[in-house]
Amino acid sequence: MKAYRAAILRFAPEGDPHQLAVFEDDGLLVVGPNAQGTQVVLAVGPYRALQPRFADVPVTHWPGRIIAPGFVDLHSHYPQTNVIGSPAEGLLPWLENYTFPEEKRFSSPEYCTQAATFFIAELLRNGVTTALTFATSHPTSVNALFTEAQKHKLRLITGLCLMDRHAPVDLLNQPSVRGGTDATEQSLLDTQALIARWHGVDRLGYAITPRFAPTSSDAQLRGAGELAARYPDVWIQSHVAENHEEIAWARDLFPTSSSYLATYADFGLLRQRAIYAHCIHFDDADRALMRDAGAAAAVCPTSNLFLGSGFFDYAGADRVGFQYGLANDVGGGTSFSPFHTMLAAYYVGREGQTKAGLSLSPQHLWWQHTAGAARALGLEGVVGNLQPGCEADFVVLNPQATPLLARKTALASSLDELLFSMIVLGDDRLVERTVIYQAF
Ligand code: GUN
Ligand code: ZN
């Protein structure tokens, strides 16, 4: 058992989404193994109240620091680190001119390994302790990322990118080298083999990963849906309703589905543990489909602003009631920092405000990148929070990390002001350390 003394931020399991944060100015976080041997939060609360109960437990004291849940990121692309900041008129030319050429380089195992090493280090430097991310269409890219995540005991979910048409030929899933199995069938066999090898190993999870409907044949989507039914605790990830040209293309290719989103539902790819990136250009029928399936949106505001894709409609999502959480979407997204993502989400919410009178509160923004994102993944009470029983992944924030942060946070007279100061001014410098307790 071990205890940490500092200010502590955590979230109430339910209540008003704008008032969920629980903050101790001088708190104690007690960590130790549960019955299964997983290191979890055993107790948390005010130092003075808890200290007598844990008088024998060694305490690390971080005066002036804030312990907060490790961030949970719902969508990124580990092969796109080098693509950050590549300008394009919109999604489809960006994919063709920058993203696909970079992803082709992941046919090399060495290239995969160095990219995976950098990506995981960058997540941790920025305080992200749980991530759902894309790999490429090369099985070696999946193995490289899982291997690196396993070393750091990171909770990481990824999967082989399924893509059997409408992309450069050497980026499509490949047929079996010995022949006999075509590319589509092989991509599904590879998916199944990767599930068997990695899903549930340590803290790793598998996601069935059709890139987006336009780059998969009917047969590939159908096969992916069959795997999703066979492995109900495996995740699903894809993209939907990001960009008008993309939507028109998907509607053209799958004319019998009632919408782009409905295409995924028609192939059995909309269910709990399905995370769809973007979900911008939805109508209420789409929103209800998300809600009724228990699927969740990965909201990617830096990407949507950078690629000019549009603005996630928070008011619409809340009105109909489907789940969502935040994501960096590197390399369409511009930053690994959850603070940059939360600030961009705030700008996006402000855009919606003119229509719906909605403004995202700092507590709600933070929740979307921690406990809310964990809930979207079906990992509520497991990660993204520091309530008793949660896995003990946390960040230690230094609100004096820069002169401006120190000046501004010292003026905060409420929790909302403090959180907003960090969201607006924070970046990797605010994250003094990232603690994955399982590593000890
Ligand atoms: N849609 C299909 N592939 C991608 C991708 O790599 N990034 C984004 N932002 N959207 C996509
Ligand atoms: Zn993406």
Charge context of Phe306, other residues only, Cβ under 14 angstrom, K/R +1, D/E -1: -3
Principal semi-axes in Å for region 280-358 [√(5λ), Cα gyration tensor, largest first]: 21, 14, 10
Tail beyond 13 Å, pair distance distribution of region 5-44 (Cα, percent): 61
Ellipticity estimate at 222 nm from DSSP helix runs (n ≥ 4, -39,500 (n - 2.57)) divided over the chain, nearest 500: -10500 deg cm²/dmol
Tensor-based shape of region 97-207 (alpha-carbon gyration tensor, a/c under 1.5 rounded, otherwise prolate or oblate): oblate
Within a Gaussian network of the chain (alpha carbon springs, distance under 10 Å), most fluctuating of Pro139, Pro362, Pro13: Pro13
Equivalent ellipsoid semi-axes, the chain, via Cα gyration tensor eigenvalues times 5, rooted, Å: 36, 24, 20
Of all accessible heavy-atom area on the chain, the percent that carbon and sulfur account for (1.4 Å): 51
Positive minus negative residues near Pro46 (Lys, Arg vs Asp, Glu; Cβ under 14 Å): +1
For Ala183, net neighbour charge (Lys/Arg +1, Asp/Glu -1) across residues whose Cβ lies under 13 Å away: -4
Under Karplus coefficients 6.51, -1.76 and 1.60, residue-wise ³J(HN,Hα) of region 126-138 in Hz, glycine/proline x: 9, x, 8, 10, 9, 9, 10, 9, 7, 9, 9, 7, 9
Solvent exposure of the chain as accessible area per residue, Å², 1.4 Å probe: 37
Label point 7 Å beyond Cα of Gln272 along Cβ direction - residues of region 367-401 with amide nitrogen under 15 Å: 374-382
Rel. contact order, % - alpha carbon contacts under 8 angstrom, at least six apart, region 58-118: 35
Extension gain, Ser176 back to His61 (0.36 nm per residue minus Cα-Cα distance, nm): 35.8 nm
Helix 284-293 vs. the chain, principal-axis angle (Cα, 0 to 90°, nearest 10): 70
Cα-based helix-to-principal-axis angle, 244-253 vs the chain, degrees rounded to 10: 40
Cα gyration tensor category, rounded, prolate or oblate, for region 1-152 with a/c compared to 1.5: prolate
Extension gain (nm, one decimal) between Ser359 and Ala229, 0.36 nm per residue minus Cα-Cα: 43.0 nm
Reach of Lys2 by Cα under 18 Å, taken over aspartates and glutamates that are not fewer than 8 positions away in the same chain: Asp26, Asp56, Glu391, Asp393
Extension gain, Ser217 back to Ser107 (0.36 nm per residue minus Cα-Cα distance, nm): 37.4 nm
Residue-wise HN-Hα coupling along region 144-156, computed from phi with Karplus coefficients 6.51, -1.76, 1.60 (Hz; x: Gly, Pro): 5, 6, 4, 4, 5, 5, 4, 4, 9, 6, 7, 7, 10
Dipole in debye (nearest 20) - the chain, about Cα centre, beta carbon charges: Lys, Arg +1; Asp, Glu -1: 1180
Nearest 10 degrees, 0 to 90: helix 218-230 Cα axis against the chain principal axis: 40
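The values are calculated or read from the model by the stated rules, or taken from the named source; none is laboratory data. Please read these numbers as outputs of a predicted model, since none were measured by experiment. Ideal geometry is used to build each Cβ from the backbone, glycine not excepted, and the neighbour counts take in all protein chains shown. The accessibility values were calculated without ligands, DNA or RNA, using every heavy atom of the protein model including side chains. Shrake-Rupley method; radii C 1.70, N 1.55, O 1.52, S 1.80 Å.
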